[in-house]
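Worksheet for the structure shown next.
The values are calculated or read from the model by the stated rules, or taken from the named source; none is laboratory data. Just so it is clear, the model here is predicted, and its values are computed rather than measured. Quick reminder, even Gly has a Cβ in these numbers, built from the backbone with ideal geometry, and neighbours come from all protein chains shown.
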Amino acid sequence: MTYITKPKLHHPSLERNAVGYTRRDYEGKVSTLCAGCGHDSVSAAIVQAAWELDIAPHRVAKLSGIGCSSKTPDYFLGASHGFNTVHGRMPSVLTGANLANRELLYLGVSGDGDSASIGLGQFAHSMRRGVRMVYIVENNGVYGLTKGQFSATADRGSTSKKGVPNPDAPVDMVAMALQLGATYVARSFSGDKAQMVPLIKGAITHGGAAFIDIISPCVTFNNHLGSTRSYDYVREHNEAVSRIDFIDPAPEQIAEPAPGESIDLPQPDGSTLRLRKLHAGYDPTDRARAMEYLMAQQAKGEIVSGLLYVDPDAGDLHQALKTSARPLNALGEAELCPGTAALAKLNAGLR
Amino acid sequence: MTQRVEAVNDFVVKFANVNGSGSASANELFAKAILRMGVPVSPRNIFPSNIQGLPTWYEVRVSEAGWLGRRGGVDLMVAMNPQTWKQDVAEVEPGGYLFYDSTRPLPESAFRKDITVIGMPVTAICNATYEDSRQRQLFKNIMVLGALSALMDIDASVIEKLFSDQYRGKEKLLESNVRALHAGREFARDHLSPPRGPGLGLRVRRAEAVGDRIFVDGNSAAALGCVYGGATVCAWYPITPSSSVAEAFQKYCEKFRVNPETGEHRYAIVQAEDEIASIGMVTGAGWNGARAFTATSGPGVSLMTEFIGLAYFAEIPVTIINVQRGGPSTGMPTRTQQADILACAYASHGDTKHVLLFPQDPAECFDFAATSLDLADRLQTPVFLMTDLDIGMNQRLAQPLAWSDERRYDRGKVMTADELEAGKEFARYKDVDGDGIPWRTLPGTHASKGAYFTRGTTRDPYARYSEAGADYIYNVQRLLKKFATAATLVPAPVVRNAEQKTRLGVLYFGSTAPAMDEALHTLAGQHVHLDAMRLRAFPFPASVAEFIAAHEQVFVVEQNRDGQMRRLLVDELEIDPKRLPPVLHYDGTPITARFITQAITERVLALAVSPKGTTQGERA
């Protein structure tokens, strides 16, 4: 329960990062989600990624919609401003917030109900606008907070807890993000922290719209036999295309990899993303090929994970709009108001 | 024979055209030419939701006395559209004039006996003069303008000057327009004026009645108000009649907000995927400390209501410009109404109330747009600028736009990093100043203090999630207190007392103002005296209840079917509805002075003849 406060005292020997924070400084309130919920693992991965990247917690703005996943921003980064918006509309609020102050890191957390149904339009348009953000969908194929209805990402034929098969085709948000022009597209599994943390770090350091679809099983309503979003099913069918070995701001320390085995991608902040290929010939910078591979594997019933596509030179909405480097919310009368002399001229032109 | 209308500087001309035929710019030139003669004009476009081929009208009120509302009735109909011929002919005042293209002869039954018919074979003249079909069409309008200007004594030099402004650097176009203008003038002199023609009893005489006033549409003025008021984020979705607000904002930002050296923009405009996203972006930007607005119309407001409730409850500055049109549903997208009053005042589910501002003309659109940005920040709540198509899309003679270089943006209660560092207590939803307005912090302000979680769900004064009844009540009661504070900050109503003491009053607002000005004048001439109050905002300042209390009957004049402002007055001020007789105009055209005068006269007469001893009789 959220009114149970965590003890404020930290163990003095907790390790501090380069900006002086311990891991605890990136935590939030105690989660109110069900024990074993995949979403809590995602929150933990976000905490670790932000700590490891030395991000000052208050320089993050975390936004969400409505649903179990959208509750989670209260459970991490307690020193950041958060905004639990309305159902399916996190992307527009995040876009507006981002326009107001381009200097913060924007983290959008949503679910499959929030983003693939009611919010599909806003998800799509935020991707095509290239809003710089980390957009995480905690995808469990089910509406948890309203107790077990299928979501739009549930596979056709996958059964509900009561054994009823889902008659509808699923929305694949990764494929959509690829088609819509997202410049960092990944899929992960909440049961695989080793994969999640570097993917989130890569998204944080990315220069444009980063989307991560994280399969995050619902232990209460969608973890049974017959579900294609259960822990067991995902473990059996998860097929990673690559592993991110590290993201390090000091590329000179990187040992030269064996040719063809890995790919180094420079990030806008100067760090480097190194991908160790698990599939020969998979090129994560080729959008069309990524789409093709995804479709082929999906037809076989496999869940393709890892960094599926990235454009290391991606721009964002601010670049397209040519917005000033100084955040718009920091501009005052001197920069914004043309003044009375200009108005006199305007008036004269209207006579 | 009915006596011909003879008038100088006081008449109504209406042009009946087919849209897409290039008539709009010629019609505008006609209005501007009269304005340049020093005579006030007030033109109104009555147009279809269509691009080409449907009827469109342009009605010009000419009034040296300065009446800028619609008068009602038409003295000269320039009937250039066969589709609407019958209704256009019928609309002319007895003794008035009908100008038409006489290229194809019409049977006598097509005309009326009590009006003067002026036929000019415009098509034939143009076909004889021009080879190109497009030129034939375009110069037809200019020839008509020439003929009318000659008949009305409008100086050719005034129109030539307007041409030279319009076609600066395009000498060929300038020259051909001037030629067409004079061809029209010569034809009118030779064939339409006495002794060979019927002539026209409507004249324009040079005057000095315009002063330093400007001629501008409300949407442009509102957009400029947003530039001056410091709006940096605009998110919108195209919808008639509001689209030109965002387009004008873009135009003025390109003029004033682009760094000439770096090319950097001190603004961001996003054409969103729908109105829900527009208001979402505005909400996000407002939460993050940028002044943000959206411009929309009724259907857009309907879509935005969930977000409006969130912004109200989470206390986020949001400015919404609602250029009202005829509803419900798609209704009359190109016609005007004041029919979103209740939808905006109480927008969203749950107990919500919102601040509304009602500008009367473009000058107030400019002023109130900047004011609404201040109020939204001060009150941390949605603020609606309630204009309508009549104000928004028609050019109107208005006072010059006014600003002071001393004016500072009121950013409201935003706690700074220094204040947090100094140990000032931060409680996001606590009333610490007694005005119901809490303090807020912006994301990224301080490393360890002042962060909070914004939500639409209930919380305690420290923004912690809480479903406790007492916390909820504290919060919604504080919002009521904040709304009472708003009543002290919004633009005050403007009162104009009758020349003699009266028990009758009238309340009106927005685009009704110019027609009301004339109606009050006419009524006073008929010994019907009314004290008048022009409402400029909701919540109602205390003076509104005082005004109503000081009168026995107060007419409420508005442009909707249900008397929405009257309902708001009855509900919010607990006034006996019997004391507020409604005067309602809602056919989609702007209200006229004649309509108001007649409705109030009838009502006053009815009150006067009621049997003595009844409350109504006594009140009259």
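Considering (1) touching a residue at least 24 places away in the same chain (Cβ under 8 Å); (2) surrounded by 19 or more Cβ atoms within 10 Å (Cβ to Cβ); (3) outside any strand (DSSP E or B), say which one B:Gln135 fails and leave the rest.
Only one criterion is unmet by B:Gln135, namely (2).
Give me the residue from region A:66-87 that is within 9 Å of another protein chain (Cβ to nearest Cβ) and within 23 Å of A:His125 (Cβ to Cβ) and, out of that set, surrounded by the fewest Cβ atoms within 10 Å (Cβ to Cβ).
A:His87
If only one of A:Gly163, A:Gly121 is out of contact with any strand residue (DSSP E or B) (no Cβ under 7 Å at 6 or more places or on another chain) and touching a residue at least 60 places away in the same chain (Cβ under 8 Å), which one is it?
Answer to the check: A:Gly163.
Give the residues of region B:446-460 that are in a loop (DSSP other than H, G, I, E, B) and crowded, with 22+ Cβ neighbours inside 10 Å, sorted by residue number.
B:Gly450, B:Ala451
Is it true that some residue in region A:86-95 is in a loop (DSSP other than H, G, I, E, B) and in contact with a Leu (Cβ under 7 Å, 6 or more places away or on another chain)?
Yes, region A:86-95 contains a residue that is in a loop (DSSP other than H, G, I, E, B) and in contact with a Leu (Cβ under 7 Å, 6 or more places away or on another chain).
Looking for whichever is farther than 21 Å from B:Lys481 by Cα, away from chain A (no Cβ under 14 Å) and modelled with pLDDT of 95 or more here; the options are B:Asp431, B:Asp418. Which one fits?
B:Asp418 is the lone residue from the list that is farther than 21 Å from B:Lys481 by Cα, away from chain A (no Cβ under 14 Å) and modelled with pLDDT of 95 or more.
Hey, B:Val258 hits all of (1) more than 7 Å from chain A (Cβ to nearest Cβ); (2) buried (at least 24 other Cβ atoms within 10 Å of the Cβ); (3) without any contact (Cβ under 8 Å) to a residue 12 or more places away in the chain but one; which does it fall short on?
Of (1) more than 7 Å from chain A (Cβ to nearest Cβ); (2) buried (at least 24 other Cβ atoms within 10 Å of the Cβ); (3) without any contact (Cβ under 8 Å) to a residue 12 or more places away in the chain, only one is false for B:Val258: (2).
Which count do you get for residues in region A:88-105 that are more than 7 Å from chain B (Cβ to nearest Cβ), crowded, with 24+ Cβ neighbours inside 10 Å and under 26 Å from B:Ala417 (Cβ atoms)?
Qualifying residue count, region A:88-105: 1.
Can you tell me which residue among B:Ala285, B:Ala290, B:Ala277 is buried (at least 24 other Cβ atoms within 10 Å of the Cβ), at negative phi, within 11 Å of chain A (Cβ to nearest Cβ) and assigned to a loop (DSSP other than H, G, I, E, B)?
B:Ala290
Which of the residues belonging to region A:128-165 are hydrophobic (A, V, I, L, M, F, W, C), in a loop (DSSP other than H, G, I, E, B) and buried (at least 24 other Cβ atoms within 10 Å of the Cβ)?
A:Val131, A:Ala154
So which residues in region B:461-492 are assigned to a strand (DSSP E or B) and farther than 28 Å from A:Gly28 by Cα, if there are any at all?
Result: no residue meets the conditions.
Against the definition (surrounded by 18 or more Cβ atoms within 10 Å (Cβ to Cβ) and touching a residue at least 40 places away in the same chain (Cβ under 8 Å)), how does B:Ala272 come out, yes or no?
No, not satisfied.
For region A:313-346, what are the residues that are within 7 Å of chain B (Cβ to nearest Cβ), assigned to a helix (DSSP H, G or I) and surrounded by fewer than 18 Cβ atoms within 10 Å (Cβ to Cβ)?
Matches in region A:313-346: A:Leu321, A:Glu333, A:Glu335, A:Gly339, A:Thr340, A:Ala342.
Which residues, taken from region B:215-229, are within 12 Å of another protein chain (Cβ to nearest Cβ) and either hydrophobic (A, V, I, L, M, F, W, C) or buried (at least 24 other Cβ atoms within 10 Å of the Cβ) (or both)? So that I can check it myself, show each step before the final result.
The first filter runs over region B:215-229 and keeps only residues within 12 Å of another protein chain (Cβ to nearest Cβ), leaving B:215-217, B:220-221, B:223-229.
Once the filter is applied, which keeps residues that are within 12 Å of another protein chain (Cβ to nearest Cβ) and either hydrophobic (A, V, I, L, M, F, W, C) or buried (at least 24 other Cβ atoms within 10 Å of the Cβ) (or both), region B:215-229 yields B:Phe215, B:Val216, B:Ser220, B:Ala221, B:Ala223, B:Leu224, B:Gly225, B:Cys226, B:Val227, B:Tyr228, B:Gly229.
Which one is nearest to the other protein chains (Cβ to nearest Cβ), of the residues in region B:293-307 that are in contact with a strand residue (DSSP E or B) (Cβ under 9 Å, 6 or more places away or on another chain) and part of a helix (DSSP H, G or I)?
B:Phe307
Does B:Leu489 qualify as being away from every other protein chain (no Cβ under 14 Å) and either of a type in the set (A, V, I, L, M, F, W, C) or in contact with a His (Cβ under 9 Å, 6 or more places away or on another chain) (or both)?
Yes.
Anything in region A:271-301 that is in a loop (DSSP other than H, G, I, E, B) and within 22 Å of the chain's Cα centre (by Cα)? List them, or say none.
Answer for region A:271-301, where residues must be in a loop (DSSP other than H, G, I, E, B) and within 22 Å of the chain's Cα centre (by Cα): A:Ser271, A:Asp283, A:Pro284, A:Thr285, A:Asp286.
Would you be able to tell me the number of residues in region B:41-60 that are among the small types (Gly, Ala, Ser) and within 28 Å of B:Arg206 (Cα to Cα)?
Adding up the residues that qualify gives 1.
Out of contact with any strand residue (DSSP E or B) (no Cβ under 6 Å at 6 or more places or on another chain) and assigned to a loop (DSSP other than H, G, I, E, B): which single residue out of B:Ala188, B:Ala209, B:Ala180 fits that description?
After applying the criteria, what remains is B:Ala209.
Could you go through region A:38-55 and let me know if any residue there is surrounded by fewer than 21 Cβ atoms within 10 Å (Cβ to Cβ), within 14 Å of chain B (Cβ to nearest Cβ) and of a type in the set (Gly, Ala, Ser).
No, region A:38-55 contains no residue that is surrounded by fewer than 21 Cβ atoms within 10 Å (Cβ to Cβ), within 14 Å of chain B (Cβ to nearest Cβ) and of a type in the set (Gly, Ala, Ser).
I need the full set of residues from region B:221-240 which are of a type outside the set (Val, Ile, Thr) and either without any contact (Cβ under 8 Å) to a residue 60 or more places away in the chain or under 10 Å from B:Thr296 (Cβ atoms) (or both), in order please.
Correct list: B:Ala235, B:Trp236, B:Tyr237, B:Pro238.
Here are B:Pro105, B:Pro48: which of them is in a loop (DSSP other than H, G, I, E, B), without any contact (Cβ under 8 Å) to a residue 24 or more places away in the chain and more than 17 Å from B:Ala147 (Cβ to Cβ)?
Of the residues listed, the single one that is in a loop (DSSP other than H, G, I, E, B), without any contact (Cβ under 8 Å) to a residue 24 or more places away in the chain and more than 17 Å from B:Ala147 (Cβ to Cβ) is B:Pro105.
The conditions are (1) more than 24 Å from A:Ser324 (Cα to Cα); (2) within 10 Å of chain B (Cβ to nearest Cβ); (3) among the aliphatic types (A, V, I, L, M), and A:Leu63 fails exactly one of them. Which is it?
(1)
Considering only helices (runs of 4 or more DSSP H) fully contained in region B:308-410, which possess at least 1 residues that are charged (D, E, K, R) and either more than 12 Å from every other protein chain (Cβ to nearest Cβ) or surrounded by fewer than 20 Cβ atoms within 10 Å (Cβ to Cβ) (or both)?
Result: B:362-379, B:389-393.
So that you can scan it fast, the table gives a plain yes or no per residue for (1) touching a Phe, Trp or Tyr at 6+ places or on another chain (Cβ under 8 Å); (2) modelled with pLDDT of 90 or more:
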| site | (1), (2) |
| --- | --- |
| A:Ile214 | yes, yes |
| A:Leu225 | no, yes |
| A:Thr228 | no, yes |
| A:Tyr233 | no, yes |
| A:Glu236 | no, yes |
| A:Ser242 | yes, no |
| A:Pro249 | no, no |
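Return yes or no: is B:Met415 of a type in the set (A, V, I, L, M) and either within 30 Å of B:Ser448 (Cβ to Cβ) or surrounded by fewer than 24 Cβ atoms within 10 Å (Cβ to Cβ) (or both)?
Answer is yes for this residue.
Within region B:237-290, restricting attention to residues that are more than 21 Å from B:Pro443 (Cα to Cα) and basic (Lys, Arg), which residue is nearest to the chain's Cα centre (by Cα)?
The qualifying residue nearest to the chain's Cα centre (by Cα) is B:Lys251.
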